[in-house]
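Report on the following structure.
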Amino acid sequence: MGSGGGRPGVPMRALQIRNLSKTYANGVQALKGIDLNVEEGEFCALLGPNGAGKTTAIGILTSLINKTGGSVEVFGHDIDTDLTMAKSCLGLVPQEINLNLFDKVLNIVVTQAGYYGIPRRIALERAERYLTQLQLWDRRESVARALSGGMKRRLMIARALIHEPRLLILDEPTAGVDIEIRRSMWVFLRRINAEGTTIILTTHYLEEAENLCRQVAIIDGGMIIENDRMSNVLRKLSVETFVLNLEHGVASLPEVPGYVVRSVDATTVEVDVDSQRGINDLFTVLTQHGIRVVSMRNKANRLEELFMRLVENKMVAAGGGA
Amino acid sequence: MGRPTRLRENAVALYTLVDKEYTRIVRIWIQTLVPPAITMTLYFVIFGSLIGRRIGQMDGFGYMQYIAPGLIMMSVITNAYGNVVSSFFGAKFARHIEEMLVSPMPASLVLLGHVSGGVIRGLLVGALVTLIALFFTDLRPVHPFVTVSVVFLTAVVFSLAGLINAVFARKFDDISIVPTFVLTPLTYLGGVFYSITLLPDFWQKVSLANPILYMVNAFRYGILGKSDITIGHAYGIIFVFVIGLYLFALILLRRGTGIRE
Ligand SMILES: Nc1ncnc2c1ncn2[C@@H]1O[C@H](COP(=O)(O)OP(=O)(O)O)[C@@H](O)[C@H]1O
Ligand SMILES: [Mg+2]
């Protein structure tokens, strides 16, 4: 439908979230003032453990949940003042199945198109295209109730694409979907992203984010604790920080090639170590300078801890599922 | 995007919703159209033919003829209400109401579409019951415009009421409480089976507080030309309900009461 401002061909900002907060009626503070920008054409992961606030954030963008504070713009359309335009730019694949289970596959998709004001003739053409791409065309006359879990998910993707949104948001689209279907969904999502649709996807599988996304925003406890290129985040993850306690104070720290050394106080230093590199060279250089290390510990790292939890999550899911 | 585009999109959206509601009514006709037909046939046989003969005249008409307009209205009211409350609550419960909420369709159209569904079901059932009534008695509207406008507006009032019920409902029980404890008693006491002139003075006055009395009597006036109340009053009250309930329902939908966190 090509709605939204900006000149054609010039990428604009698909999503701009400012200081977004949400406190539920029961007092739970699900979002504590988050900021996020996603540029047009991006493939962005919103990564975080269960209860982090992902679904809440997405609910607000898609006007299924009322926000407590802050602002959201979708392709320049503020959801407070220009909601109709914001909505027509957005497609949502929700976390929970929200299909009319008694309705037929084709009808579900065409009805959704109708709500967006798309005439039936065009809706039928598009329905055929998307249902075919998502391997559901043969099942177009089945009632949704008769579909498997993976098929229901794909039906929700087809439904979300029927008005050809510029920004597609998927909330844990592959949760509970077996590995083969998951991979074919990844292929499909990569393709529509390559064709120009901006995608935001929430997940608690690190592997999924790593596989698909160029941008990653990590959310935990209602706050965005990291928002960067995927490659940078992976690099940050491979660096460990150690805290060393020295026997005697040193006036100036030696340069140690390959390590970043910072002084905390006279007898304490912090060293960033790339996990590929190892730690032996560090001690060799320190010893050469007559510096004796009495003790050493690993510095707690919020990002790292979070990833440990995500990885555990993944292992639980892999162990429990399939 | 200009105004004409927006208008056309809204027209498509409204048509889609009304078509969906209509299809639902026809698809589950065993639940939507058959039960009122059976119930009303029983009413006509038992109250009209068997008991009615012993009752004799009511307000100068045969009893069968007297209750026929009331029974038609009763089925219109129950079915208009029932259609919207179950369709809207069902969509809320299974969450596919989100299909509408994420779309650019304005709240006023969501309201209009569901009310249209209720009116369609109410009028379909009303026509069916009228057809059945014709096997038992003669019905030739004295005032056709009054007949049609009153039955239409009454269907609108109870479709709106059904939607408001569905907005506040949290579980399936909540959508049967109002029909059982409010709607049915008010209908039975709303002059379907008797003229309130039969009642003692005090109960006549109490009856006048029942809005359904006005609708039933206005409809009977349309068909038989006879009413317990002035027709102007009846229209006044019906319009107040249409406008009041419409505004209330629209505010609820805009706010997202019972739908959005
Ligand atoms: N409807 C609700 N009412 C109250 N609290 C809620 C509601 N929905 C979610 N929460 C709470 O908000 C927090 C964030 O939840 P959610 O956004 O669903 O997280 P995620 O999608 O990242 O798993 C959680 O603590 C959750 O319990
Ligand atoms: Mg979630």
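The values are calculated or read from the model by the stated rules, or taken from the named source; none is laboratory data. Please read all numbers here as calculations on a predicted model, not as lab measurements. Counting neighbours? That spans all protein chains shown, and the Cβs are built from the backbone with ideal geometry, glycine included. We work out accessible area using only protein heavy atoms, side chains counted, and drop any ligands, DNA or RNA first. Shrake-Rupley method; radii C 1.70, N 1.55, O 1.52, S 1.80 Å.
Summing charges over all other residues whose Cβ lies under 15 Å from the Cβ of residue B:77, with Lys and Arg as +1 and Asp and Glu as -1, gives +2. Backbone phi angles across region B:155-169, fed through the Karplus curve with coefficients 6.51, -1.76 and 1.60 (θ = phi - 60°), yield HN-Hα couplings of 4, 5, 4, 7, 5, 4, 5, x, 5, 4, 4, 5, 4, 7, 5 Hz in residue order; Gly and Pro are listed as x. Would you mind checking the pairs A:87/A:236; A:54/B:171; A:22/A:104 and listing those with alpha carbons more than 29 angstrom apart? Correct reply: A:87/A:236; A:22/A:104. Measuring with a 1.4 angstrom probe and ignoring ligands and nucleic acids, residue A:111 comes out at about 10 Å² accessible. FRET efficiency for residue B:53 and residue B:198, Cβ-Cβ distance as r, R0 = 22 Å, nearest 0.05? It comes to 0.75. Across chain B, C-alpha contacts under 8 Å between residues 6 or more apart give a mean separation that, scaled by the residue count, equals a relative contact order of 25 percent.
Computed on the Cα atoms alone, the convex hull of the protein assembly as shown gives a volume of 195 cubic angstrom per residue. Label positions at residue B:11 and residue A:190, each projected 7 Å from the Cα along the C-beta direction, are separated by 4.5 nm.
Shielding by partners for peptide A:96-102, expressed as the average number of C-beta atoms from other protein chains within 10 Å of each residue's C-beta, is 5. Sites count as exposed loop sites when they are GluC sites (Glu not before Pro), lie in a DSSP loop, and have at most 12 other Cβ atoms within 10 angstrom; the longest stretch of chain A without one is A:1-95. How many Cβ atoms of partner chains, on average, are near each residue of A:114-124 if near means within 10 Å of its Cβ? Mean partner-chain Cβ count within 10 Å for A:114-124: 6. For q = 0.28 Å⁻¹, what log10 I(q)/I(0) does region B:1-56 give under the Debye formula with an equal point scatterer on each alpha carbon and no solvent? The Cα Debye sum returns log10 ratios of -0.98.
Candidates B:76, A:64, A:90 compared by Cα position along the dipole of the protein assembly as shown: farthest toward the positive end lies B:76, with charges placed on Cβ. Remark: the Cα gyration tensor places region A:84-217 in the oblate category, a/c being 1.5 or greater and a/b not exceeding b/c. Answer rounded, prolate or oblate for region A:134-213, using the Cα gyration tensor with square roots of eigenvalues a ≥ b ≥ c: rounded when a/c is under 1.5, else prolate when a/b is larger than b/c, else oblate. Taking the square roots of the gyration eigenvalues as a ≥ b ≥ c, region A:134-213 is oblate.
Averaged over peptide B:90-96, the number of partner chain Cβ atoms lying within 10 Å of each residue's Cβ comes to 4.
The heavy atoms of residue B:233 offer some 120 square angstrom of accessible surface to a 1.4 angstrom probe.
When the P(r) of chain A is calculated, the portion above 35 Å amounts to 33% of the C-alpha pairs.
Summary of the geometry: region B:11-47 and region B:199-232, compared by the centres of their Cα atoms, lie 27 Å apart. Estimated at the nearest 10 Å², the accessible area of residue A:124 is 60 Å² with a 1.4 Å probe. A 1.4 Å probe over all protein chains sorts B:243, A:169 by accessible area into B:243, A:169, starting with the largest. Bridge orientation summary for the protein assembly as shown: considering DSSP beta bridges with both residues in this region, about 70 percent are antiparallel. Normalising the average separation of contacting C-alpha pairs (under 8 angstrom, six or more residues apart) by the number of residues puts the relative contact order of chain A at 20 percent. If you look at the Cα atoms of region B:2-255, you get an Rg and a Dmax of 18.9, 67 Å.
Bridges between two residues of chain A, per DSSP, are antiparallel at a rate of about 70%.
For region B:129-261, the fraction of C-alpha pairs more than 19 angstrom apart is 58%. Shape call for region A:239-302 from the C-alpha gyration tensor, a ≥ b ≥ c root eigenvalues: rounded (a/c under 1.5), prolate (a/b greater than b/c) or oblate? Since a/c reaches 1.5 but b/c is at least a/b, the shape of region A:239-302 is classed as oblate.
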